[in-house]
Amino acid sequence: MRARADNMPTLNRSATVLTPKPFLGWLYTTEATSAELTLLELIRAPTVHLILECDTDEDVVEVLRDLCEQIFKEQLAGWYRDESV
């Protein structure tokens, strides 16, 4: 963390953008009200996660490996909460 000129700390982070292509097919099978939802509509508002700063693709893979399950659960919970499905 570095301090800016105005003494506010700056946090360096990387970001991941989740695209919903495989997700939409699953959603169609679980939620009847989603039948009219299109991929274009989902892409217009992707989910962005800030992660630790990554300098290489390998760093990104390592960080996402640790966060993958948590991100997956959060994404599903935002749309559908019936865990039996």
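The values are calculated or read from the model by the stated rules, or taken from the named source; none is laboratory data. All figures in this text were calculated on a predicted structure; none of them were measured in a lab. Backbone-built Cβ (ideal geometry, glycine too); neighbour counts: all protein chains shown.
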When the stretch 7-24 is checked residue by residue, the ones that are loosely packed, with under 10 Cβ neighbours inside 10 Å, closer than 19 Å to Lys73 by Cβ and modelled with pLDDT of 80 or more are Val17
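Please verify whether the stretch 41-52 includes one or more residues that are loosely packed, with under 12 Cβ neighbours inside 10 Å and either at pLDDT 85 or above or on the phi > 0 side of the Ramachandran plot (or both).
Of the residues in the stretch 41-52, the ones loosely packed, with under 12 Cβ neighbours inside 10 Å are 41, 44-46, 48, 50.
Among the residues that remain, those that are also either at pLDDT 85 or above or on the phi > 0 side of the Ramachandran plot (or both) are: 48, 50.
Yes, because at least one residue in the stretch 41-52 is loosely packed, with under 12 Cβ neighbours inside 10 Å and either at pLDDT 85 or above or on the phi > 0 side of the Ramachandran plot (or both).
Could you list all residues from the stretch 15-46 that are among the β-branched types (Val, Ile, Thr) and over 18 Å from Arg81 (Cα atoms)?
First pass over the stretch 15-46, keeping only residues among the β-branched types (Val, Ile, Thr): 16-17, 19, 29-30, 33, 38, 43.
Listed by number, the residues that qualify are Thr16, Val17, Thr19, Thr38, Ile43.
Within the stretch 39-47, identify whether any single residue is assigned to a loop (DSSP other than H, G, I, E, B) and either out of contact with any strand residue (DSSP E or B) (no Cβ under 8 Å at 6 or more places or on another chain) or over 15 Å from Glu74 (Cα atoms) (or both), and answer yes or no. Steps first, please.
Within the stretch 39-47, the subset assigned to a loop (DSSP other than H, G, I, E, B) is 44-46.
After this cut, where a residue has to be either out of contact with any strand residue (DSSP E or B) (no Cβ under 8 Å at 6 or more places or on another chain) or over 15 Å from Glu74 (Cα atoms) (or both) as well, the list is 44-45.
So far as the stretch 39-47 goes, yes, one or more of its residues are assigned to a loop (DSSP other than H, G, I, E, B) and either out of contact with any strand residue (DSSP E or B) (no Cβ under 8 Å at 6 or more places or on another chain) or over 15 Å from Glu74 (Cα atoms) (or both).
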Identify, please: which residue in the stretch 25-38 is aliphatic (A, V, I, L, M) and in a helix (DSSP H, G or I) and is, among those, surrounded by the fewest Cβ atoms within 10 Å (Cβ to Cβ)?
-> Ala32
Could you tell me whether the stretch 67-84 includes any residue that is surrounded by 12 or more Cβ atoms within 10 Å (Cβ to Cβ), under 27 Å from Thr10 (Cβ atoms) and at pLDDT 90 or above?
-> yes
Given Asp82, Asp66, Asp55, which one is outside any helix (DSSP H, G or I), of a type in the set (D, E, K, R) and without any contact (Cβ under 8 Å) to a residue 24 or more places away in the chain?
-> Asp55
What pairs come up if the first residue lies in the stretch 5-25 and is free of Cβ contacts under 8 Å to residues at least 12 places away in the same chain, the second is exposed (fewer than 10 other Cβ atoms within 10 Å of the Cβ), and their beta carbons are under 6 Å apart, counting only those six or more places apart or on different chains?
-> Pro9/Met1; Pro9/Ala3; Thr10/Arg2; Thr10/Arg4; Leu11/Met1
